[in-house]
Amino acid sequence: MKAMAVFPSSRELRLVEHPEPELSGARQVKLRILETGICGTDREIASFAYGMAPGDCAYLILGHEALGEVVEVGGEATSLAPGDLAVLTVRRPCPHEHCVPCIHERQDFCLTGDFTERGIKEAHGYMAEYAVEDERFLVRVPPELRNVAVLTEPLTVAEKAMEQAHVLMSRMPGGDDGSRRRPAVVLGAGPIGLLGAMKLRDCGYETWVYSRDEPDSANFKIVSAMGARFVDAQRHSPGELAEMAGDIGLVYEAAGVAKVSFEVLGELGVNGVFIFSGIPALKAPLEVDSERIMRNMVLKNQAIAGTVNAGHASYKQALTDLASFLRRFPSAVNAMITARVPLEGAREDLLRRGGVKTVVDMV
């Protein structure tokens, strides 16, 4: 079968002919891949910033945002049947018996770092014609979400972030109900930021998106279509953002830019929660107002957390939320996918950035 792969040692990115996977376990499911999304992680792997091929292969098949159609199931697979649509999760548990999160199938909290990730770390991804996976790593997709289900994986980042935010906000008397009456800020207007903003709007937050985008950009229009407010980071400082938004109760960082993130952290309100999800490139050390940040954290009862990957429950919640987004702001959701390319054309998009979300149409 055809697949798009990166060769870390020879620094190549090209189509390959890869053996078509077949069922080898009773609970496995074989899927015909319909769509795969291209994200910043894929582009960084394609530029050889990171990415690890399986130990027995010279290349790594890319792609971790995927929608597939079930074509075959093992004899003990019960949750899916041929013809069903499904999204595929990314991270697989480490093999260590002492890793409690992985034992409980919360490998997104793996303690050892010996997990594998489809299309990223030591396991082939989904930018291929077929994939085989154990049914416990698949989530069935309602047919009515066929056209947008490829957005599930990037939405799970926001789902887990909100799960963590809820835990932190619940430390306060009255739980997090009061937090919903305060503005929330999203840093970054890429797919993960935009989907996070939709999640916040759907949860009832007054939502502000802070990003470097022009008023005529697709990102700006999507923010407006969901009823959120956009602030151009090129024209307004974090302090000005705080003046416009008011008492910021929650910040969801999805930009991966350390300087701006720490400047906005300095504007977080009393009892505020700040969730980091972006991964900045390693650059020269950055000067931050550490004294102010530390004073605020202590004197204002602030909480900061980082989040990576997501568990099975986040995928199920993402599909529920996508259905809600389509009812509430359909134009914003449908505008997320700005380009569709065939597998043969994926290489060009992996080497550049354009639009909001490019999807590789496998069929």
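Could we say that residue 222 is within 22 Å of residue 305 (Cα to Cα), out of contact with any strand residue (DSSP E or B) (no Cβ under 8 Å at 6 or more places or on another chain) and β-branched (Val, Ile, Thr) here? No, not satisfied.
Against the definition (modelled with pLDDT under 95 and among the β-branched types (Val, Ile, Thr)), how does residue 248 come out, yes or no? Here the answer is no, as residue 248 does not meet what is asked.
Taking (1) part of a loop (DSSP other than H, G, I, E, B); (2) out of contact with any Gly (no Cβ under 9 Å at 6 or more places or on another chain) in turn, residue 68 satisfies each apart from (1). Screening the range 118-235 for strands (runs of 3 or more DSSP E) wholly inside it with 1 or more residues that are assigned by TED's automatic domain parsing to the domain that holds residue 276 and over 30 Å from residue 46 (Cβ atoms) returns the ranges 184-187, 207-211, 229-232.
Here 341, 288, 333 are screened, and the one residue that is of a type outside the set (Gly, Ala, Ser) and touching a strand residue (DSSP E or B) at 6+ places or on another chain (Cβ under 9 Å) is 341.
Only a single item in (1) outside any helix (DSSP H, G or I); (2) acidic (Asp, Glu); (3) surrounded by 18 or more Cβ atoms within 10 Å (Cβ to Cβ) is not met by residue 263, and it is number (1).
Can you name the residue in the range 284-341 that is among the charged types (D, E, K, R) and within 23 Å of the chain's Cα centre (by Cα) and is also nearest to residue 220 (Cα to Cα) among such residues? So that I can check it myself, show each step before the final result.
Let us first name the residues in the range 284-341 that are among the charged types (D, E, K, R), namely 287, 289, 291-292, 295, 300, 316, 321, 327-328, 340.
Adding the requirement that they be within 23 Å of the chain's Cα centre (by Cα) leaves 316, 321, 327-328, 340.
On the way: 316: 28, 321: 21, 327: 20, 328: 18, 340: 21 Å.
Top of the filtered list is 328.
For residues that are without any contact (Cβ under 8 Å) to a residue 40 or more places away in the chain and under 15 Å from residue 209 (Cβ atoms), tally how many sit in the range 253-265. Outline the logic, then answer.
Restricting attention to the range 253-265, the residues satisfying the condition of being without any contact (Cβ under 8 Å) to a residue 40 or more places away in the chain are 258-259, 262-263, 265.
Then keep just the ones that are under 15 Å from residue 209 (Cβ atoms); that gives none.
Final tally of qualifying residues: 0.
When the residues of the range 229-252 are narrowed to those that are within 20 Å of residue 333 (Cα to Cα) and in contact (Cβ under 8 Å) with a residue 40 or more places away in the chain, which ends up farthest from the chain's Cα centre (by Cα)? Among those residues, the one meeting the criterion is 230. Annotation: of all residues in the range 281-324 being assigned to a loop (DSSP other than H, G, I, E, B) and of a type in the set (A, V, I, L, M), the one that is farthest from residue 115 (Cα to Cα) is 288. Among the residues of the range 73-92, is any farther than 27 Å from residue 143 by Cβ and not in a strand (DSSP E or B)? No: zero hits. In a residue-by-residue description of the range 70-80, the property of being over 22 Å from the mean Cα position of the chain (by Cα) and hydroxyl-bearing (Ser, Thr, Tyr) applies to at least one position.
The values are calculated or read from the model by the stated rules, or taken from the named source; none is laboratory data. Note that the structure is a prediction, hence the values are computed from the model and not measured. Neighbour counts are summed over all protein chains in view; Cβ atoms, including those assigned to glycine, are modelled from backbone coordinates with ideal geometry.
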